[in-house]
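What follows is one structure encoded as structure tokens, with my remarks underneath.
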Amino acid sequence: MTHETAQPPCAGLRIGDTAPEFEARSTMGPVRLSDFSGRWLILFSHPADFTPVCTTEFVELARAASDFEKRDCALMALSVDSLFAHFAWLRIIRDRFDVEVRFPIVEDPTLVIGRAYGMVAPQDNDSATVRTTFFIDPSGTIRAMTCYPANLGRSIPEMLRMIDGLQAIDNHNGLAPANWQAGDPLLSSPSQNIDDVYNADNASDWFMKPAAKGDAT
């Protein structure tokens, strides 16, 4: 009879939780989560280096790096691959697509970080099953999360829209409606006063009221 070592359950991080601190080696030198305190950060896992979908994601993210920088939003990737595997892959990306990936890619061979963030299940030996993305605000709070399967790449425009929306909501204390884009109007929070409900000019005005223009600044 064999005895398996008990492993802790996969972390169940939620929107509003504080992002777990970590320190690790990366392609841009040693990094800690707290290095990014005071600015927005997108932390995302990718299944593996030298894979087709991941390669397209990194090419497009590198090309859009200045767009994230304009939003004071840093990028940081993570996978189980070693630091030197990351280096070799980035050289191939540079030579093939003429773009340099300059945001840090963290090595996580023991899955310590991946498990802390719930990117992989305790029994998994690699992170090849998911593409998880955490949108972390300047205070270190997780504000949004997405999870894609390994065979479907992320939408970089949607990642930018997510940052635009979160920043606009914070700056204008509003709500971003469906298909919202930067510069579109936000909505006000619904009134909780019965008199506002009865006195509204139109039946929907108390809960569908435009707010400020939705710029991030």
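A short reminder: the numbers here are calculations on the coordinates, not readings from a lab. Values in this document were obtained by computation on a predicted structure and should not be read as measured data. No Cβ is skipped: glycine too gets one built from the backbone with ideal geometry, and neighbour counts run over all protein chains shown.
When Rg and the Kirkwood Rh are both derived from Cα coordinates, the Rg/Rh ratio for the stretch 173-217 amounts to 1.05. Legend: ranking of residues Arg115, Arg39 from fewest to most surrounding C-beta atoms inside 10 Å; resulting order Arg39, Arg115.
When log10 I(q)/I(0) by the Debye sum over Cα atoms at q = 0.09, 0.18 Å⁻¹ is computed from the coordinates, the matching label among (i) -0.43, -1.29; (ii) -0.30, -1.31; (iii) -0.48, -1.29 is (i). Within the chain, the longest run free of exposed loop sites, counting GluC sites (Glu not before Pro) that sit outside DSSP helix and strand states (H, G, I, E, B) and have at most 12 other Cβ atoms within 10 Å, spans 101-217. Exposure proxy ranking for Lys209, Lys70, based on other Cβ atoms within 10 angstrom of each Cβ and starting from the fewest, stands as Lys70, Lys209. Using alpha carbons only, how many degrees (0 to 90, rounded to 10) separate the axis of helix 156-172 from the longest principal axis of the chain? For 156-172 against the chain, the angle is about 40 degrees.
Can you put Asp108, Asp98 in order of Cβ neighbours within 10 angstrom, beginning with the fewest?
Details: Asp108 24, Asp98 9.
So the ranking, lowest neighbour count to highest, is Asp98, Asp108.
Take every pair of alpha-carbon atoms less than 8 Å apart whose residues are at least six positions apart; their mean separation over the length of the stretch 173-217 yields a relative contact order of 46 percent. Computed from Cα atoms, the angle from the helix 83-97 axis to the main principal axis of the chain rounds to 70 degrees.
Here the sum of -39500 (n - 2.57) over DSSP H runs of 4 or more residues, divided by the residues of the chain, equals -8500 deg cm²/dmol at 222 nm, to the nearest 500. Helix 52-63 sits at what angle to the longest principal axis of the chain, using alpha carbons and giving 0 to 90 degrees rounded to 10? On a 0 to 90 degree scale, this one is about 60.
Of all beta bridges that DSSP places with both ends in the chain, some 65 percent have antiparallel geometry.
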